[in-house]
Amino acid sequence: GESVGLHLPTLSVQEGDNSIINCAYSNSASDYFIWYKQESGKGPQFIIDIRSNMDKRQGQRVTVLLNKTVKHLSLQIAATQPGDSAVYFCAENKGNQGGKLIFGQGTELSVKP
Amino acid sequence: DAGITQSPRHKVTETGTPVTLRCHQTENHRYMYWYRQDPGHGLRLIHYSYGVKDTDKGEVSDGYSVSRSKTEDFLLTLESATSSQTSVYFCAISSTGRNEQYFGPGTRLTVT
């Protein structure tokens, strides 16, 4: 069936290290992917997106990699900081009208000082 | 932050009562969405709108209705609230429906 899932529910990293959060998707028709960050008590915050015609996209301290062959998406955070502690969600858009997104369950990132 | 507000931010209501949540945007975006977020289920789409008076169902629309009479406002109504509708509700907006969605701060609804 169609699903967007995450490999790990929690991830703990040392401050200053790089973090990698993974996401698997099953719908090969998906053409747009987004990563969101959600801090406790707040709404999801857009981090970065990537379209299916790209393999990699970089932002400020973040990089998203898309491997369409194995239907895998990852978010890399460089030099992780305490402020990066949050739940991270990946979401996919199957190219349908209306931009409906399917969200994964989320990975909680904890940064140790 | 994108200009999105939700009201009320917190509400406690009794089973069987009607409840309306409001989402207001100042970005003039065409698309608006209502999601609910529950532990173990992530974010799930309830309804969305692709223009004034144009709405469609999401994956968990049973028990909910929506209305959009103005570009800036999208209302979510629970006609007769049930305990299973206790959740955190988020509104989101998108300019084209083919790009990122921006989320509001959420409404925490408790149905007793």
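Nothing in this text is a laboratory measurement; each read-out follows from the coordinates by a stated rule. Not measured: the values here are computed from a predicted model. Cβ atoms come from the backbone with ideal geometry, glycine included; neighbour counts cover every protein chain shown.
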Report task. Sort A:51, B:9 so that the residue with the fewest other Cβ atoms within 10 Å of its own Cβ comes first and the one with the most comes last. Result -> B:9, A:51
Report summary line: The percentage of Cα-Cα pairs in chain B separated by more than 19 Å is 38
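Give me B:31, A:36 sorted ascending by neighbouring Cβ count inside 10 Å, so fewest comes first.
Details: B:31 22, A:36 26.
So the residues, fewest neighbours to most, are B:31, A:36.
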Report summary line: Of the candidates A:73, B:26, B:109, the farthest towards the positive dipole end of the protein assembly as shown (Lys/Arg Cβ +1, Asp/Glu Cβ -1, centred on the Cα centre) is B:26
Report summary line: Under 5 Å from the placed amide H of residue B:81, counting only residues 5+ away or on other chains, we find B:16, B:17, B:19
Report summary line: Largest first and rounded to whole Å, the semi-axes √(5λ) derived from the alpha carbon gyration tensor of the stretch A:7-50 read 22, 16, 11
Report summary line: Note, the stretch A:52-58: 3J(HN,Hα) by Karplus (6.51, -1.76, 1.60, θ = phi - 60°), whole Hz, Gly/Pro = x, goes 5, 8, 10, 9, 8, 8, 10
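Using a 10 Å cut-off around each Cβ, can you sort B:50, B:35, A:88 from fewest to most neighbouring Cβ atoms? Display every interim value, and only then the final one.
Details: B:50 17, B:35 29, A:88 23.
Ranked by crowding around the Cβ, least crowded first: B:50, A:88, B:35.
Using a 10 Å cut-off around each Cβ of peptide B:43-50, what is the average number of partner chain Cβ atoms that fall inside? Don't jump to the answer; show the numbers that get you there.
On the way: counts 12, 2, 5, 0, 0, 4, 1, 3.
Average per residue, whole number: 3.
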Report summary line: Hull volume per residue for chain A, using the convex hull of the C-alpha atoms, in Å³ is 100
Requested in this report: Quick one: give the max-minus-min coordinate of the C-alpha atoms of the stretch A:27-73 along each principal axis, largest first, in Å.
Outcome: 36, 23, 14
Report task. Please get the size of the charge dipole for the protein assembly as shown, origin at its Cα centre, with Cβ charges of +1 on Lys and Arg and -1 on Asp and Glu, quoted in debye to the nearest 20. Result -> 240
Query raised in the report: Dividing the alpha-carbon radius of gyration of the protein assembly as shown by 2.2 N^0.38 Å (N being the number of residues), what value is obtained?
Result: 1.02
